[in-house]
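Working notes, beginning with the structure itself.
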Amino acid sequence: MKILAIAGSNSDTSINKLLVSYAASLIENAEVETVDMNEFEMPLYKHQLEVESGLPQQATDFASKIDAADILLVSLSEHNGTYSVAFKNVFDWTSRIKNRAVWNEKPMLLMATAPGGRGGLGVLEAATKRFPLHGGNIVDTFTLPFFNDNFNKETGRISNQEKDNELKEKIQKISAIESILEK
């Protein structure tokens, strides 16, 4: 089983990258690739630029990674209630690839975390509404509020037992869907 773990942040110390990496580690016998948004830096999307220069190679590379995966684990950072600019730009360019949906109907666990009490709920709400319009097959969502209190950076694990159990249940759910699809 191939897992694509996407942290929708370009921060070198991304808490969403820590969360998605932990989530991916919970899936047994999986080949995991973690995407770094910094590998997909492109000019800001502009229709005129697309007409003049076409799609940047990074957009097709990102789409290829999605296509090669069986399951998507996506943890989005929240900037002013929605996606980070780094993620949104990759999403925008990828959405311009002809004859494909961005997420290609891959089963997805959509997550977010933040230092505050809402835990990225704003970006989860935005993505939950938008992603299905672009081939997003959102199996479930997960949010981890108060990241610094509920995640142990030294162990790389959720320290809040209730939230840890919740994530593990959601990981089992998405893993079960993949098992069904393989049959």
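The values are calculated or read from the model by the stated rules, or taken from the named source; none is laboratory data. Everything quoted here is computed from the prediction, not taken from an experiment. Glycine gets a Cβ as well: all are built from the backbone with ideal geometry, and neighbour counts include every protein chain shown. Surface accessibility is based on the protein's heavy atoms, side chains included, excluding ligands, DNA and RNA. Shrake-Rupley method; radii C 1.70, N 1.55, O 1.52, S 1.80 Å.
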Which fully enclosed helices (runs of 4 or more DSSP H) of the range 1-112 have 3 or more residues being open to solvent by 50 Å² or more (accessible area, probe 1.4 Å) and of a type outside the set (Val, Ile, Thr)?
15-25, 47-53, 57-68
Which is touching a residue at least 24 places away in the same chain (Cβ under 8 Å), farther than 25 Å from MET1 by Cα and touching a helix residue (DSSP H, G or I) at 6+ places or on another chain (Cβ under 9 Å), of LEU144, LEU109?
LEU144
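Among the residues of the range 159-168, is any in a strand (DSSP E or B), open to solvent by less than 50 Å² (accessible area, probe 1.4 Å) and under 20 Å from ALA30 (Cα atoms)?
If we filter the range 159-168 for residues that are in a strand (DSSP E or B), which is where we start, we get none.
Scanning the range 159-168, I find no residue that is in a strand (DSSP E or B), open to solvent by less than 50 Å² (accessible area, probe 1.4 Å) and under 20 Å from ALA30 (Cα atoms), so the answer is no.
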Picking from ALA176, ALA127, ALA112, the residue that is modelled with pLDDT under 95 and not acidic (Asp, Glu) would be ALA176
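Would you pick out the residues in the range 113-133 that are in contact with a Phe, Trp or Tyr (Cβ under 8 Å, 6 or more places away or on another chain) and touching a residue at least 40 places away in the same chain (Cβ under 8 Å)? Spell out how you get there, then give the answer.
We begin by selecting, within the range 113-133, every residue in contact with a Phe, Trp or Tyr (Cβ under 8 Å, 6 or more places away or on another chain); these are 113-117, 119, 123, 126-127, 131.
Scanning the range 113-133 gives THR113, ALA114, PRO115, VAL123, ALA126, ALA127.
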Is one or more of the residues making up the range 133-152 touching an Asp or Glu at 6+ places or on another chain (Cβ under 9 Å) and over 24 Å from LYS106 (Cβ atoms)?
yes
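In the range 134-152, which residues are aromatic (Phe, Trp, Tyr) and surrounded by fewer than 21 Cβ atoms within 10 Å (Cβ to Cβ)?
Filtering the range 134-152 for residues aromatic (Phe, Trp, Tyr) gives 142, 146-147, 151.
The answer is PHE146, PHE147.
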